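Where a number appears in this text, it was derived from the coordinates with a stated rule and is not lab data. Treat the numbers as computed from the prediction; the structure is a model and nothing was measured. Cβ placement follows ideal geometry from the backbone for every residue including glycine, while neighbour counts extend to all protein chains displayed.
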Amino acid sequence: MPVASIDAIKSKVGQELGVSDWIEVGQERINAFADATEDHQFIHVDEGLAAQTPFGGTIAHGFLSLSLLSRMAADVMLVPETTRMGVNYGFERVRFLSPVRAGKRVRGRFTLVSFEEKRPGQYQFAHDVTVEIEGEDKPALNAVWIGQVFA
């Protein structure tokens, strides 16, 4: 993750921080996620049956797309130079807007919504994140993601 001073991060509130690299969401990744979560609904793992649906093929789990935020954040989310650790705090909201078809690529667009010191050396931040699907007009999801860093 890119590092910056506390003041530099505070100055970015309300601004887009950037866009992550593209990540391919292939069938192997979808199958591995299905195994990890024990969610083997046919729309995700059975290419033959999924082809008969309005989606025309398999789609990623919404939670798979959401879980990729951690990887996306590594490209653009700013953390204080003195960070010792960071933790997820939760989400204000998550909306799954469009399915991610197997083989598509996704990326995250991050805007820093807030950054405040909760206790000495403990900062809470929120990012508005949109996960875009390559070649599609409608994004996969939008969320307000809250995290904390200890610096």
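Below, the figures for the structure above:
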{"quantity": "Which numbered condition L69 misses (of (1) crowded, with 19+ Cβ neighbours inside 10 Å; (2) touching an Asp or Glu at 6+ places or on another chain (Cβ under 8 Å); (3) hydrophobic (A, V, I, L, M, F, W, C))", "calculated": "(2)"}
{"quantity": "The stretch 107-117 - residue that is surrounded by 13 or more Cβ atoms within 10 Å (Cβ to Cβ) and among the charged types (D, E, K, R) and, of those, farthest from V45 (Cα to Cα)", "calculated": "R109"}
{"quantity": "Residue satisfying condition, being of a type in the set (D, E), touching a residue at least 40 places away in the same chain (Cβ under 8 Å) and on the phi < 0 side of the Ramachandran plot, within set D21, D39", "calculated": "D21"}
{"quantity": "Count of the stretch 118-140 residues which are over 18 Å from A74 (Cα atoms) and either of a type outside the set (D, E) or without any contact (Cβ under 8 Å) to a residue 60 or more places away in the chain (or both)", "calculated": "12"}
{"quantity": "Top-ranked residue of the stretch 55-97 - restricted to ones that are of a type in the set (S, T, Y) and in contact with a helix residue (DSSP H, G or I) (Cβ under 9 Å, 6 or more places away or on another chain), ranked as nearest to A151 (Cα to Cα)", "calculated": "T82"}
{"quantity": "Pair list, Cβ under 6 Å, 6 or more apart: the stretch 3-18 residue in contact (Cβ under 8 Å) with a residue 40 or more places away in the chain and within 20 Å of D75 (Cβ to Cβ), other residue of a type in the set (A, V, I, L, M) and not in a loop (DSSP other than H, G, I, E, B)", "calculated": "V3/V79; K12/L112; V13/L112; L17/V76; L17/L112; G18/V76"}
{"quantity": "Residue list for the stretch 80-117, restricted to those being touching a Ser or Thr at 6+ places or on another chain (Cβ under 8 Å), among the charged types (D, E, K, R) and over 14 Å from E136 (Cβ atoms)", "calculated": "E81"}
{"quantity": "Residue pairs meeting the criteria (Cβ under 9 Å; at least 6 apart or on separate chains; first among the charged types (D, E, K, R), in the stretch 47-63; second part of a loop (DSSP other than H, G, I, E, B))", "calculated": "E47/G57; E47/T58; E47/A102"}
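Let's see how each residue does on (1) crowded, with 19+ Cβ neighbours inside 10 Å; (2) within 16 Å of the chain's Cα centre (by Cα); (3) not aliphatic (A, V, I, L, M):
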site	(1), (2), (3)
N88	no, yes, yes
F91	no, yes, yes
L97	no, yes, no
V100	yes, yes, no
R105	no, yes, yes
R119	no, no, yes
D128	no, yes, yes
N142	no, yes, yes
